[in-house]
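Everything on this sheet refers to the single structure shown next.
Read-outs throughout are calculated quantities, based only on the coordinates presented, and are distinct from any laboratory measurement. This structure is a prediction, so every number in the text was calculated from the model and none was measured. Here the Cβ is made from the backbone with ideal geometry for all residues, glycine too, and neighbour counts use every protein chain on show.
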Amino acid sequence: MNLSEIRQAVRDQVEQDETDLPNDRLDGYIREGYERVIQMETRWPFFEQLWTASVAAEQVSFAIPSDAAIIVAIVTPDCRLRFVETRDGEDWFGFEPTSGTVYQWSKLGTSIYLWPPPQSAVDMTLRGFRRPIDWIAAGAGTEVDADERLHWPIVNYALSRVYMQQEDDILSAIYLNDFREGVALARQAVMRPWRDETLVLGGRVSVPQLPDYGRLALVVDVDAGGP
C-alpha cells in the first residue's frame with residue numbers, strides 16, 4: 001500500500017473526506033502507527049543492506065554510512081573482521097598505529113576504526129540494517145517502507161486514533177486490539193527464517209567460511225557504543 005491508499009482506507013471506514021479528516025492530522029496517526037511497528041524489531045529483514053567502502057593505505061577510519069542503523073559484519077576480500085572495543089584497539093596498537101593487515105574494527109561516534117590500518121588500499125563490504133526512509137514525507141504515491149504484511153495494521157492503528165479523537169472509546173479499543181493482533185501475526189511471519197535449518201544426527205555440517213580472526217560481534221548499533 002502507498003500513503004494515498006492508506007489514507008483512503010481510513011476515510012472509507014470512518015466515512016469522512018479530506019475536509020473532515022485533513023491529511024496533516026491523518027498522516028500524523030499513520031506515522032505514529034508506522035513507528036510503533038518499526039520499533040518492535042531492530043533487525044527487520046526488509047531493512048537488511050550491504051554497503052561498500054574503499055579504504056586507502058594507512059587510513060585509520062572512515063565514516064559509517066549515514067543510512068546505516070546497525071552494522072553486523074565487515075568483510076574484506078581476505079577475511080571477516082573481528083569487532084573490538086576502541087579502547088582495546090588503542091591498547092593493542094597504540095594511538096598512532098603502524099599499518100599492517102587489517103583484521104579488527106571498532107566503532108567510535110559515527111566512524112569505523114580499523115586495527116591496524118591497512119598497509120595497502122582495500123575494498124570492504126559492510127553488512128547491516130538501514131534506517132527507515134521518511135516515506136510519508138515523500139508523498140502520497142510512496143509505498144510504505146515495510147513488508148506488505150505490516151501495512152494493514154498501520155491502517156487499523158490510524159483508525160483507532162481517529163475514533164479516539166471522536167471520543168468513541170469502544171471502536172477505538174476494537175481497532176487498537178486489531179492493530180496489536182495483526183502486527184503480532186505479521187511480525188511472526190516476517191521474522192520467520194526464510195529457510196529450514198539442516199537437521200543433523202550424529203555429526204555436523206561442514207560449511208566453508210572466510211577466515212575469522214577471533215569471535216565476531218554479531219550486532220553493533222550505530223546509535224550506541226557497541227554490541
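Could you give the length gained by full extension between residue 140 and residue 194, i.e. 0.36 nm per residue of separation minus their alpha carbon distance, to one decimal place?
16.3 nm
Relative to the longest principal axis of the chain, what angle (0 to 90°, nearest 10) does the C-alpha long axis of helix 23-38 take?
Relative to the chain, helix 23-38 is tipped by roughly 50 degrees.
Tabulate in residue order the Karplus-calculated ³J(HN,Hα) for the stretch 117-132, using 6.51 cos²θ - 1.76 cosθ + 1.60 with θ = phi - 60°, rounded to whole Hz; enter x for Gly and Pro.
Rounded to whole hertz, the list is x, x, 7, 9, 4, 9, 9, 10, 10, 9, 10, x, 10, 7, 7, x.
In what sequence, highest mean first, do 3-12, 185-194 appear when ranked by Cβ atoms within 10 angstrom?
Ranking the peptides 3-12, 185-194 by packing returns 3-12, 185-194.
Apply the Karplus curve 6.51 cos²θ - 1.76 cosθ + 1.60, θ = phi - 60°, to the phi angles in the stretch 92-108 and return the couplings in whole Hz, x for Gly and Pro.
7, 10, x, 7, 10, x, 7, 5, x, 8, 5, 9, 9, 9, 9, 10, 9
Taking amide hydrogens as modeled 1.01 Å from N in the peptide plane, which residues meet the under 5 Å criterion relative to residue 68, leaving out close sequence neighbours?
Those qualifying (amide H under 5 Å, at least 5 residues apart or on another chain) are 131.
Helix-only estimate, please: 222 nm mean residue ellipticity of the chain, summing -39500 (n - 2.57) across DSSP H runs of length 4 or more and dividing by its residues, to the nearest 500.
Theoretical 222 nm ellipticity from helices: -10500 deg cm²/dmol.
Rounded to whole Hz and in sequence order, give me ³J(HN,Hα) for the stretch 144-153 from the Karplus expression 6.51 cos²θ - 1.76 cosθ + 1.60, θ = phi - 60°, writing x for Gly and Pro.
So the J values, rounded to whole Hz, are 4, 7, 5, 4, 4, 5, 9, 6, 5, x.
Working out 0.36 nm times the residue gap between residue 96 and residue 184, then minus their Cα-Cα distance, what length gain in nm do you get to one decimal?
26.7 nm
Any chance you could give the angle, 0 to 90 degrees and rounded to 10, that helix 169-191 forms with the longest Cα principal axis of the chain?
Its long axis makes an angle of about 30 degrees.
Enumerate the amide H contacts of residue 73 below 5 Å, restricted to partners 5 or more residues apart or on another chain; note that Pro and chain-start residues carry no placed amide H.
Answer set, sorted by chain and number: 127.
Would you mind telling me the antiparallel percentage of the DSSP bridges in the chain, rounded to 5?
Of the beta bridges lying entirely in the chain, close to 85 percent run antiparallel.
For the residue pair residue 173 and residue 66, what label-to-label distance in nm results when each label sits 7 Å from Cα along the Cα-to-beta-carbon direction?
4.7
Can you compute the modelled spin-label distance between residue 123 and residue 108, with each label point 7 Å from Cα toward Cβ, in nm?
2.9
Amide H to amide H under 5 Å from residue 108: which residues, 5+ apart in sequence or cross-chain, H placed 1.01 Å off N in plane?
Here the answer is 113, since their amide H atoms fall under 5 Å of that of residue 108.
If you line up the long axis of helix 3-14 against the longest principal axis of the chain, both from Cα atoms, how many degrees apart are they, to the nearest 10?
30
Calculate, for residue 38 and residue 79, the FRET efficiency according to 1/(1 + (r/R0)^6) with r their C-beta to C-beta distance and R0 45 Å; round to the nearest 0.05.
So, using R0 = 45 Å, E works out to roughly 0.85.
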